[in-house]
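**Student:** Take this structure first; my questions come after.
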Amino acid sequence: MTRSLVQISTGLVQGVLSEYDSSIVVYKGLPYAASTAGENRWRAPQPPVPWEGVRIADTFGPPCPQMAFGPMNILPTQSEDCLSLNIWTPAGSENDKLPVFVWIYGGRFIAGSGSELAYDGTGLASKGIIVVTLNYRVGILGFLATPELSEESGHNASGNYGILDQIAALKWVQENIAAFGGDPSKVTIGGQSAGAASTALQTISPLSRGLFRAAIPQSGWRYPRDPLLSGLAPAYRTKEKAESQGVATVKEKGASSIAEMRKLPLKVLLEGNNKNDEVWGNPPFYRPCIDGWVFPYSYEECLDRGILADVPVMTGHNADEGGTYADPEFTEDDLKSCAKQKYGPLAEQFLKLYPVTDTIDAREAWNQAARDNSRVTVALWADEYHKHAKSPVFGYFYTHAPPPRQGGPDAPPSRVAVGAAGPDSQPKLRIYEKDVPRSEYTYSKVGPGARYGAFHGAEISYVLNNLYAQVGYDYGDNDRKVAATMSSYWANFIKYGNPNGEGLADFTPIDDGKIMSLGKECYSVPLAESPERIAFCKEYLFSQKSW
């Protein structure tokens, strides 16, 4: 942006050139709301404080208080004055009216920040898009609910402060993005994992209507009877459960009221921040709830009632997530045991359709079914969506595995993984499972190396076109090709509500039993290799309880 001095609602801001591309101007740490400390703790975000003079936007704002885990690259200085956002713009003037992409980070609703290197916006901005990342409250500070908080809210609702932060950021974008050369009528929201769950909640929430025109939830949306919703970031709590857990939490912290909780030091509040809920799949304890205001009904009821924004959606899953197992010691006996627990009366049918053979071991047989489910669940969700909405759903299945990161959780077992037990490491977080026998059905079974193939989050740096910012990966020509293709699909969708464009394989909306396979090669594939497997996946999902 040739003109980096910009007037916004709270004052003048001066941007800086991206260190990766001097044609992109970056504005870091712009406050979209006031500090959440003191009396603003567990309140809806308040308006940001204006400033005098020129604010030099060369430094990311502090992350919201949290206990980071695994390979996260979180800035060390945290603060409750954390509600800021970052903008990457290629615009030459405010008259450019470029499309806007607002990225919402993942991290199980307990960690993450908009300043992580994995989310650098330069690469996508270079394709003619304004990229926005933001911070929102996580963990106990973002999702504590109690009857007292509900009563004082004025809406008889509490527990979704992190989602309210995102809405405040989207409203800030509507008010201010034109000054950076953006078009507020062309905003797409997206994110991965908890960011995808957030995107889903924004499409559901009546408070978000009109704040965006398209959505890209990556590894987040599933058919509302898919049991995996119970253990993943989209898991939610009823208001009653969230408030009951909140009352217990207040007592656990040694407080007798929210007034006392607001005076407690962060160190005390963050104890236990990363714990799991004691239900199948081990979802995070602190997560959104159906409060009747931000999140009005369950996923299934929202679909049944048509309470979703009718906008184009691009959504899907990666090949080696969604219940695939990475443990190479998983045996045929384990397979049979887990199948009986998962599929019940359908177990024998499962074993016939996904047999162990001379070329397919027990782990691969299990993973084939999990991958089929990841494709079928998107198709079934699209069917439900289209009972009320007319906008297209572009479903995908991402297959490209990045190279292992030196010292990372996907490294070979001879290397030390980030988060491994040890006095000088980050605390290890066993995200989806307890240490249980291989024969007991759990969401995941992690073997040496912790991550496997096209794992959860593997696509992020490819679709955001920022391989340059990632440390420790030995990327090759195939990786750069995949990044060019993926980011072009994403850029086209953000620009036009349709991922298709010149030089790209035809990306058709999910329909007629097919979905788009994305990776080194891109092409339409069946939801499963046989009609019998598709029918089996549907029969299983139809028989489950609703979410």
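**Student:** Starting from region 145-163, keep only residues that are at positive phi, then list their pairs with residues that are assigned to a helix (DSSP H, G or I) whose Cβ atoms are within a distance under 6 Å, requiring at least 6 positions of separation or different chains.
**Tutor:** N156/S150; G159/F143; G159/A242
**Student:** Still on this structure, please answer the following. Which residue is farthest from P402 (Cα to Cα), if the candidates are limited to region 103-122 and must be part of a helix (DSSP H, G or I) and in contact with a strand residue (DSSP E or B) (Cβ under 6 Å, 6 or more places away or on another chain)? Talk me through it step by step, then tell me what you get.
**Tutor:** Pass one, region 103-122, residues part of a helix (DSSP H, G or I): 117-119, 122.
Add one more test, that the residue is in contact with a strand residue (DSSP E or B) (Cβ under 6 Å, 6 or more places away or on another chain), and what stays is 119, 122.
Values: Y119: 16, T122: 20 Å.
Among residues in region 103-122 that are part of a helix (DSSP H, G or I) and in contact with a strand residue (DSSP E or B) (Cβ under 6 Å, 6 or more places away or on another chain), the one farthest from P402 (Cα to Cα) is T122.
**Student:** Yes or no: N498 assigned to a loop (DSSP other than H, G, I, E, B) and touching a Gly at 6+ places or on another chain (Cβ under 6 Å)? Break it down into steps so the answer makes sense when it comes.
**Tutor:** Details: assigned to a loop (DSSP other than H, G, I, E, B): yes; touching a Gly at 6+ places or on another chain (Cβ under 6 Å): no.
Taking the combined requirement at face value, the residue does not satisfy it.
**Student:** Further, regarding this structure: Looking at region 520-547, which of the residues that are hydrophobic (A, V, I, L, M, F, W, C) and part of a loop (DSSP other than H, G, I, E, B) is nearest to L351 (Cα to Cα)? Break it down stepwise before answering.
**Tutor:** Filtering region 520-547 for residues hydrophobic (A, V, I, L, M, F, W, C) gives 522, 525, 527-528, 534-537, 541-542, 547.
If we keep only those that are part of a loop (DSSP other than H, G, I, E, B) too, we end up with 522, 527-528, 547.
Working: C522: 30, L527: 19, A528: 16, W547: 27 Å.
So the residue we want is A528.
**Student:** Follow-up. If G272 satisfies all but one of (1) part of a loop (DSSP other than H, G, I, E, B); (2) buried (at least 24 other Cβ atoms within 10 Å of the Cβ); (3) out of contact with any Leu (no Cβ under 6 Å at 6 or more places or on another chain), what's the number of the condition it fails?
**Tutor:** (2)
**Student:** Something else: Taking region 357-380, which residues are buried (at least 20 other Cβ atoms within 10 Å of the Cβ) and either more than 24 Å from the chain's Cα centre (by Cα) or without any contact (Cβ under 8 Å) to a residue 24 or more places away in the chain (or both)?
**Tutor:** Within region 357-380, A362, R363, A365, W366 qualify.
**Student:** Got a number for residues in region 142-163 being surrounded by 24 or more Cβ atoms within 10 Å (Cβ to Cβ) and either assigned to a helix (DSSP H, G or I) or touching a Ser or Thr at 6+ places or on another chain (Cβ under 7 Å) (or both)? Step through it out loud before you land on a result.
**Tutor:** Initial filter on region 142-163 (surrounded by 24 or more Cβ atoms within 10 Å (Cβ to Cβ)): 142-145, 158-163.
So of that shortlist, the ones also either assigned to a helix (DSSP H, G or I) or touching a Ser or Thr at 6+ places or on another chain (Cβ under 7 Å) (or both) come out as 142-145, 158, 161-163.
Of the residues in that region, 8 qualify.
Quick grid of which residues meet (1) assigned to a loop (DSSP other than H, G, I, E, B); (2) of a type in the set (D, E); (3) within 24 Å of R237 (Cα to Cα):
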| residue | (1), (2), (3) |
| --- | --- |
| D81 | yes, yes, no |
| S93 | yes, no, no |
| F101 | no, no, no |
| L124 | no, no, no |
| V132 | no, no, no |
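**Student:** Among the candidates S439, S461, which residue alone is surrounded by 21 or more Cβ atoms within 10 Å (Cβ to Cβ) and modelled with pLDDT of 90 or more? Step through it out loud before you land on a result.
**Tutor:** Numbers: S439 fails: surrounded by 21 or more Cβ atoms within 10 Å (Cβ to Cβ).
That would be S461, the only listed residue that is surrounded by 21 or more Cβ atoms within 10 Å (Cβ to Cβ) and modelled with pLDDT of 90 or more.
**Student:** Those residues that are hydrophobic (A, V, I, L, M, F, W, C) and touching a strand residue (DSSP E or B) at 6+ places or on another chain (Cβ under 6 Å), I need them from region 354-405; list them, please.
**Tutor:** Narrowing region 354-405 to residues hydrophobic (A, V, I, L, M, F, W, C): 356, 360, 362, 365-366, 369-370, 376, 378-382, 389, 393-394, 397, 401.
If the condition is that a residue be hydrophobic (A, V, I, L, M, F, W, C) and touching a strand residue (DSSP E or B) at 6+ places or on another chain (Cβ under 6 Å), then V378, A382, V393, F394, F397 are the ones that fit.
**Student:** Another question about this same structure. Note down all Cβ pairs under 8 Å where the first residue falls in region 472-483 and is without any contact (Cβ under 8 Å) to a residue 40 or more places away in the chain, the second is among the aromatic types (F, W, Y) and part of a loop (DSSP other than H, G, I, E, B), and they're at least six residues apart or on different chains.
**Tutor:** Taking only residues 6 or more apart or on different chains, not a single pair turns up.
**Student:** Separate question: For region 500-524, which residues satisfy the criterion of being surrounded by 14 or more Cβ atoms within 10 Å (Cβ to Cβ), closer than 23 Å to F455 by Cα and at pLDDT 95 or above?
**Tutor:** F507, I515, M516, S517, L518, G519, C522, S524
**Student:** Could you say whether any residue in region 473-493 is at pLDDT below 95 and of a type outside the set (K, R)?
**Tutor:** In the first step, residues of region 473-493 are kept if they are at pLDDT below 95; the result is 473-474.
Retained after the next criterion (residues that are of a type outside the set (K, R)): 473-474.
Yes, that holds for at least one residue.
**Student:** Now a separate question. If I ask for residues that are part of a loop (DSSP other than H, G, I, E, B) and either touching a strand residue (DSSP E or B) at 6+ places or on another chain (Cβ under 8 Å) or surrounded by 22 or more Cβ atoms within 10 Å (Cβ to Cβ) (or both), which ones from region 44-61 would you list? Full working, then the answer.
**Tutor:** So the first thing to find is which residues in region 44-61 are part of a loop (DSSP other than H, G, I, E, B), and the list is 44-53, 57-61.
If the condition is that a residue be part of a loop (DSSP other than H, G, I, E, B) and either touching a strand residue (DSSP E or B) at 6+ places or on another chain (Cβ under 8 Å) or surrounded by 22 or more Cβ atoms within 10 Å (Cβ to Cβ) (or both), then P45, P48, V49, P50, W51, E52, G53, A57, D58, T59, F60, G61 are the ones that fit.
**Student:** Just one of the numbered conditions (1) of a type in the set (K, R); (2) surrounded by 17 or more Cβ atoms within 10 Å (Cβ to Cβ); (3) at pLDDT below 95 is not true of R41; which one?
**Tutor:** Tallying (1) of a type in the set (K, R); (2) surrounded by 17 or more Cβ atoms within 10 Å (Cβ to Cβ); (3) at pLDDT below 95, R41 fails exactly one: (3).
**Student:** Next up: Please work out if E243 is surrounded by fewer than 21 Cβ atoms within 10 Å (Cβ to Cβ) and either out of contact with any Phe, Trp or Tyr (no Cβ under 6 Å at 6 or more places or on another chain) or outside any helix (DSSP H, G or I) (or both).
**Tutor:** Working: surrounded by fewer than 21 Cβ atoms within 10 Å (Cβ to Cβ): no; either out of contact with any Phe, Trp or Tyr (no Cβ under 6 Å at 6 or more places or on another chain) or outside any helix (DSSP H, G or I) (or both): yes.
When the stated conditions are applied, E243 does not pass them.
The values are calculated or read from the model by the stated rules, or taken from the named source; none is laboratory data. Small disclaimer: the values here were computed from a predicted structure and weren't measured. Please note: Cβ atoms are built from the backbone with ideal geometry, for glycine as well, and neighbour counts cover all protein chains shown.
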